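The structure appears below as structure tokens.
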Amino acid sequence: MTREVAATQAVQQEEPAFEWEPYTPGSVLRVTHTSCCGLYEFASGGGTFFVLRHTGDGYEETGRGRHRKA
């Protein structure tokens, strides 16, 4: 393995797997699944699906879109 390949792999591991954004309430929120400790919630609203996580100030979301994308 060359140094360039090792450096590229290190950078890829440091990047977050998902991009989280502040949750903005819109239509009716429906939570369909909650993780065992309540950290993550799979929800839908307005025809799109997303994952919510609780922060100290509110919620953040990721994966907004069709069921498969979320």
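The values are calculated or read from the model by the stated rules, or taken from the named source; none is laboratory data. For clarity, every value in this text was computed on a predicted model and none was experimentally measured. No Cβ is skipped: glycine too gets one built from the backbone with ideal geometry, and neighbour counts run over all protein chains shown. All accessible areas refer to the heavy atoms of the entire protein, side chains included, with ligands and DNA or RNA removed. Shrake-Rupley method; radii C 1.70, N 1.55, O 1.52, S 1.80 Å.
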### Summary
For region 31-70, the per residue accessible area (1.4 Å probe, Å²) is 68 Å²
#### Entry: Listed peptides 54-62, 20-28, 38-46 by packing density, highest first (mean Cβ within 10 Å)
38-46, 54-62, 20-28
